[in-house]
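Below: one structure, written as structure tokens.
The values are calculated or read from the model by the stated rules, or taken from the named source; none is laboratory data. Note that the coordinates shown come from a computational prediction; the quantities given were computed from them, not determined experimentally. Backbone-built Cβ (ideal geometry, glycine too); neighbour counts: all protein chains shown. Just so you know, the surface numbers come from the protein's heavy atoms only, side chains and all, with ligands and any DNA or RNA stripped out. Shrake-Rupley method; radii C 1.70, N 1.55, O 1.52, S 1.80 Å.
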2 protein chains.
Amino acid sequence: MSVATVSKVLNGREDVAPATRARVEASLDRHQYQRRNRRPSTGQRRIDLVFHEFDTGWALEILRGAEAVTAAAGIGLAVSQLDGAHRPPSRWMDALLADRPLGVLLVLCHLTDSQQQHLRRQGIPFVVVDTDSATSASVPTVGSNNFNGGLLAARHLLELGHRRIAVISGPPDMLCSRARAAGFHSAHEEAGVTVDRELVCYGSFSAHAGHAHGLRLLSRPDRPTAIFAGSDIQAMGVLRAARKCGLRVPEDLSVIGYDNLPVSAWTDPALTTINQPLGDMAGIATQMLLDMAKGNELATSRIDLVTELIVRESTAPPAHPR
Amino acid sequence: MSVATVSKVLNGREDVAPATRARVEASLDRHQYQRRNRRPSTGQRRIDLVFHEFDTGWALEILRGAEAVTAAAGIGLAVSQLDGAHRPPSRWMDALLADRPLGVLLVLCHLTDSQQQHLRRQGIPFVVVDTDSATSASVPTVGSNNFNGGLLAARHLLELGHRRIAVISGPPDMLCSRARAAGFHSAHEEAGVTVDRELVCYGSFSAHAGHAHGLRLLSRPDRPTAIFAGSDIQAMGVLRAARKCGLRVPEDLSVIGYDNLPVSAWTDPALTTINQPLGDMAGIATQMLLDMAKGNELATSRIDLVTELIVRESTAPPAHPR
């Protein structure tokens, strides 16, 4: 193995044959190689915040939480997004290794095992802000309790007397969507109520998805009396669908959102929702990253913050309990 | 004058007596001093995006527009905010001079003359994204035509037959608020309609401000039949106030927002609004900055993008034209 080849692998370059890379990496692992931190004293006092995308409101809450911590620490915050991809492309890694930030905060996106190894070797710590709990235990992650969020939303509706409750969760390939749906099912089991599988659907977190699913659900002859949406923005689409169907919220239909974004307090009616403490999640993740950049051991690598029910105006007992 | 003192002034340090600083700066100006660009080849390929604050939705549109341009150029984007201040504090300048970005993009915030001089001497270009047109002609600025926005909103309502129209503009110390109000007045003059000065008010761009002003305006015995709000979020507060007063929108009250944020299409009713092309403004400003960082002359230093009326569901002829 040439020094040049080892150097290429260490620097995360892509122009190395996969078999060669694997051999070099196995050797580095055997010798427990960890690059010394060669960070210059100025100019790199910054962490990289990587979003899978900038979606409405949600990303801003994360940004706000992270920036509060970096600003207090006198550290810069570089922001980028992956156009909706959940894996950073290889050119992203090249730019990162050239730039050498103090650490990397990944929001709803994940590194391949090989990318993780590169960063570890370079001594660049990373933390994932993730609502889906799917990240391996070896990656420091801050999330929130999605199962509990689904449970709280369904319990609230069941306690109000609803028996036909629909759920529009997020994309089915995101574990957070499935965790919320699982919590939704658990609440029904507790209450001895059977879930109609036709009322369980998955879609994007957008208003458009809420509107389309809402129209479909509400035009059924056996329409649900309540809908639990996957996000506040998706719930705004459900509110629009209810209006198109001539249904009043909450008199004819109860609606629950998710996230508790600021806008959820100002919809008509104001949304009952599940608070996901996005700002706190980002702030804690940023602090973990700064601790790791100082070389401190983390007390725990996986933190889930609690989700809470926020009752506003969009939920009420059903007009005709079935 | 010692070399150390000149160096302190050049580096933007604060521990120089004001009189000394002024003398050094006058001397530098006489000699038309401009520091050579000593930027290292890696690690500083980044622009700094500075918000006065992260408010709902608005900041995200700016961020999206700027990031699209920096990502395409393979350049990083560092983001910070000033907790609502419109002038960066001196510690901000210290950090900036230590960090030496390619350029600085300022959103709704302004540099003092002295801060501008520091950056020019250091060869760090800056561009302001500003809706208020208040920036001096020597500072490259991208904004939008607020006067026209106010004009279009008021013309639309006057053409629908409204004669008692209220305006809730932004903070009175922001020229954008006054420019919109001026456009509002101009449209009334065109139509030969007198503006009731009691219906012209200023406030923050928040939903709370829209709610408070809305309640006050709508509880008047001679209440307006239409309200032109300062932002889409403020308009959501007005919608809430209308509901509290038992008024239907648009049957009993027409409401126009401002900005055309994505959420404005999903309120109930969907908001008629003025499109302010925030993403394009940020994208153009970022491109100007990258051009300046390459040493290119700008063709023009002040660009105002056009504002447009977007008609949705929240405006209609008044029920009883007065």
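Considering only residues of the stretch B:248-264 that are open to solvent by 30 Å² or more (accessible area, probe 1.4 Å) and of a type outside the set (D, E, K, R), which is nearest to the other protein chains (Cβ to nearest Cβ)? Going through the qualifying residues, I end up with B:P262. Being at pLDDT 95 or above, within 14 Å of another protein chain (Cβ to nearest Cβ) and in contact with a His (Cβ under 7 Å, 6 or more places away or on another chain) is a property that A:G214 lacks. Taken over the stretch B:248-265, the criterion of being outside any loop (DSSP other than H, G, I, E, B), aliphatic (A, V, I, L, M) and over 14 Å from B:G149 (Cβ atoms) is satisfied by B:V255, B:V263, B:A265.
A count restricted to the stretch B:221-237 and to residues that are more than 10 Å from chain A (Cβ to nearest Cβ) and over 20 Å from the mean Cα position of the chain (by Cα) stands at 7. Just one of the numbered conditions (1) assigned to a helix (DSSP H, G or I); (2) crowded, with 22+ Cβ neighbours inside 10 Å; (3) not hydroxyl-bearing (S, T, Y) is not true of A:L49: (1). Considering the stretch A:295-322, the residues that are in a strand (DSSP E or B) and among the charged types (D, E, K, R) include one that is modelled with the lowest pLDDT, namely A:R302.
Every residue, every condition in (1) polar (S, T, N, Q); (2) in contact (Cβ under 8 Å) with a residue 12 or more places away in the chain; (3) assigned by TED's automatic domain parsing to the domain that holds A:V255, yes or no:
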{"residue": "A:P89", "(1), (2), (3)": "no, no, no"}
{"residue": "A:L97", "(1), (2), (3)": "no, yes, no"}
{"residue": "A:L108", "(1), (2), (3)": "no, yes, no"}
{"residue": "A:D113", "(1), (2), (3)": "no, no, no"}
{"residue": "A:A137", "(1), (2), (3)": "no, yes, no"}
{"residue": "A:L151", "(1), (2), (3)": "no, yes, yes"}
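Against the criterion of being basic (K, R) and at pLDDT 70 or above, B:R35 does not qualify. Taken together, the criteria exclude B:D280 from residues that are closer than 14 Å to B:A229 by Cα and under 14 Å from the mean Cα position of the chain (by Cα).
Just one of the listed residues (B:R243, B:R312) is touching a strand residue (DSSP E or B) at 6+ places or on another chain (Cβ under 7 Å) and of a type in the set (K, R), and it is B:R312. A single member of A:G84, A:G103, A:G150, A:G143 is among the small types (G, A, S) and surrounded by fewer than 17 Cβ atoms within 10 Å (Cβ to Cβ), and it is A:G84.
Is one or more of the residues making up the stretch A:233-245 outside the structural domain of A:V129 (by TED's automatic domain parsing), touching a His at 6+ places or on another chain (Cβ under 6 Å) and among the β-branched types (V, I, T)? The answer is no; no qualifying residue exists. Residues that are over 17 Å from A:T315 (Cβ atoms), without any contact (Cβ under 8 Å) to a residue 24 or more places away in the chain and open to solvent by 30 Å² or more (accessible area, probe 1.4 Å): does the stretch A:198-210 have at least one? Looking through the stretch A:198-210, at least one residue is over 17 Å from A:T315 (Cβ atoms), without any contact (Cβ under 8 Å) to a residue 24 or more places away in the chain and open to solvent by 30 Å² or more (accessible area, probe 1.4 Å).
Being open to solvent by 10 Å² or more (accessible area, probe 1.4 Å), within 30 Å of B:S138 (Cβ to Cβ) and within 14 Å of another protein chain (Cβ to nearest Cβ) is the filter here, so list the residues in the stretch B:265-282 that pass it. B:G279 - this is the single residue of the stretch B:265-282 that is open to solvent by 10 Å² or more (accessible area, probe 1.4 Å), within 30 Å of B:S138 (Cβ to Cβ) and within 14 Å of another protein chain (Cβ to nearest Cβ). Within the stretch A:159-173, if we keep just the residues that are assigned to a loop (DSSP other than H, G, I, E, B) and modelled with pLDDT of 95 or more, the residue that is surrounded by the most Cβ atoms within 10 Å (Cβ to Cβ) turns out to be A:H162.
Give the stretch A:213-247 a look and list any residue that's assigned to a loop (DSSP other than H, G, I, E, B), open to solvent by less than 20 Å² (accessible area, probe 1.4 Å) and touching a Leu at 6+ places or on another chain (Cβ under 9 Å), or say none. Once the filter is applied, which keeps residues that are assigned to a loop (DSSP other than H, G, I, E, B), open to solvent by less than 20 Å² (accessible area, probe 1.4 Å) and touching a Leu at 6+ places or on another chain (Cβ under 9 Å), the stretch A:213-247 yields A:P224, A:T225, A:A229, A:S231.
Of the residues examined, A:D291 is one that is in a helix (DSSP H, G or I), modelled with pLDDT under 95 and either touching a Pro at 6+ places or on another chain (Cβ under 8 Å) or over 30 Å from B:A242 (Cβ atoms) (or both).
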